[in-house]
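Data block below; observations after.
Laboratory data are not the source of any read-out in this text; all were calculated from the coordinates shown. Here the structure is a predicted model, which is why all the values come from computation and not from measurement. No Cβ is skipped: glycine too gets one built from the backbone with ideal geometry, and neighbour counts run over all protein chains shown.
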């Protein structure tokens, strides 16, 4: 039985836009799944349906075999923006993620997580006093304080500079190794997907569908500049290329060194 | 200006102080008539006289209690109705058009009706002040609730807050800055309306002092009343800001709203 099962999920918005069609994805306990695709693939829609923030037009989502609707205690999320509550201190923001815990438990975990995400001593500050990367660290701590079975990530690092992003990748993997949640992460960054994920689901646009699922069989810690890493990246890029069909074979051929040319 | 930031406010005194000196000099030299335009020294004397006899304090107290009670009623009602129409679609459809319609009536147009209904004494005055305070507070709360960031509400939903908890822990803190700003403009209007109410007929209050000064031809007591109003208004606003500041220190704005 899968930890998380998405079956034949579809979403058509009130204005008639079909964002998702017949999407089926399964994730095992403790697996990291990256959902990769360009804009218009319905990645974010898919995540919002899982988080219970929107209602599916068809299909089902199950956690450990039980169908869910709406938000679920075992599912937590980190959004594209940190979305901290500006009127709560950093520590209070982290504690906000643990509504069901006792006060002492909540305090202990908050203290532990503050240190763990490298913000020890910042607990009394306001969110406005933190940098973007620090705010996203707080958001990750908030999402994990309740020890969720499933963690959803919606392009959480896309607004950060490459250095901050790399350090947050390490942080996320470290926390994942401790707590072992199943992670579903939406991203448009191939490098990020290959670095983090066990499997990568490549989506195809208009309407959003699953194009191909690729396993990343690389041992951790992964070396971003190793040739095998590059090989996997190429496979993913080819899959994206194919997913775009006739419309968009532009600029996706990886240049030497595995980086896309700047144009 | 950084080094002198503590004394920067002194710059603001240059214009009024020079004007006062020019005025005083003009009267002393006989260039301007002192009876209709009493100089600062005369104002000081009549203020002192009014204060010694206890009259000024009585007027201030009467006016302040009218503003205090009227403001409390208007602010409470404005907040309650604003919360109601802001949070509930049904209440908005049902009540907001009526309230907006009533708002279109200039508040002073209510004066004759209030006097007819509530009499010439305190009740009609309080009603007028409350009415003046009600609208800015109502509008502020109503639009603030409409403007609460959907993204923060979603955070509450993801972390398992009930609807009621979302209101308490997300909606209310989020509208706090706008609510306090609307209370401040409500207070300003309260001061305006209390004068209107006291000019209609009162036996005490700063508005009475204004009217009495006009009828007695005493420009000095008019000006004393006006200056007292200015000081009281500034003081009341300052107290409100001081109370609100610790509640809003989390705000991330270039200039604080306060």
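Where the alpha-carbon atoms of region A:63-159 are placed on the principal axes, they occupy 42, 34, 23 Å, in descending order. Size check on chain A: the Cα extents along the three principal axes, sorted descending, read 57, 42, 35 Å.
For chain B, the longest principal axis of the alpha carbon atoms and the long axis of helix B:172-199 meet at an angle near 30°. Find the percent of Cα-Cα distances in region A:124-217 that exceed 17 Å, and round it to a whole number. Roughly 55 percent, rounded to a whole number. Under a Gaussian network description of chain A, with springs only between Cα atoms under 10 Å, the residue in A:223, A:29, A:54 that fluctuates furthest is A:223.
Diffusion coefficient (Stokes-Einstein, Kirkwood radius over C-alpha pairs, 25 °C, 0.890 mPa s) for the protein assembly as shown: 87 µm²/s, rounded to a whole number. Translational diffusion of region B:1-155, estimated by Stokes-Einstein from the Kirkwood radius over alpha carbon pairs at 4 °C in a medium of 1.567 mPa s, is 64 µm² per second. Taken over region A:93-139, the ratio of Cα radius of gyration to 2.2 N^0.38 Å equals 1.11. For chain B, the mean residue ellipticity at 222 nm estimated from helices alone is -25000 deg cm²/dmol, where every DSSP H run of n ≥ 4 contributes -39500 (n - 2.57) and the total is divided by all residues, rounded to the nearest 500.
When both region B:131-168 and region B:48-124 are represented by their alpha-carbon centers, they are found 24 Å apart.
Hey, in the GNM for chain A with a 10 angstrom Cα cutoff, which one of A:227, A:127, A:219 fluctuates hardest? Ranking A:227, A:127, A:219 by mean-square fluctuation puts A:219 first. Packing order of peptides B:29-42, B:126-139, B:221-234, A:70-83, highest average first: B:126-139, A:70-83, B:221-234, B:29-42 (average count of other Cβ atoms within 10 Å over each peptide's residues). Hydrodynamic analysis of region A:6-103 uses the Kirkwood radius over alpha carbon pairs. Inserted into Stokes-Einstein at 20 °C and 1.002 mPa s, it gives a translational diffusion coefficient of 139 µm²/s.
Per residue of B:235-245, other chain Cβ atoms within 10 Å of the residue Cβ number 0 on average. Legend: mean number of C-beta atoms from other chains within 10 angstrom of residue C-beta atoms, peptide B:150-156, equals 5. Note on chain A: GNM, Cα springs under 10 Å; of A:137, A:165, A:204, the largest mean-square fluctuation is that of A:165. Averaged over peptide A:62-71, the number of partner chain Cβ atoms lying within 10 Å of each residue's Cβ comes to 1. Here region B:56-125 is described by how far its Cα atoms reach on the three principal axes: 49, 23, 17 Å, from widest to narrowest. Kirkwood hydrodynamic radius computed over region B:137-258 comes to 17.3 Å, based on all pairs of distinct alpha carbons. Look at where the Cα atoms of region A:92-120 and of region B:209-235 average out, and the two centres are 58 Å apart. Its residues counted as N, region B:131-196 yields a C-alpha radius of gyration over 2.2 N^0.38 Å of 1.39. The mean of 1/r over all distinct Cα pairs in region B:82-161, once inverted, gives the Kirkwood hydrodynamic radius of 14.8 Å. For region A:148-197, the convex hull spanned by the alpha carbon atoms encloses 69 Å³ per residue. For chain A, the longest principal axis of the Cα atoms and the long axis of helix A:162-179 meet at an angle of about 70 degrees. Taking the longest Cα principal axis of chain A as reference, the axis of helix A:132-144 is set at about 80 degrees.
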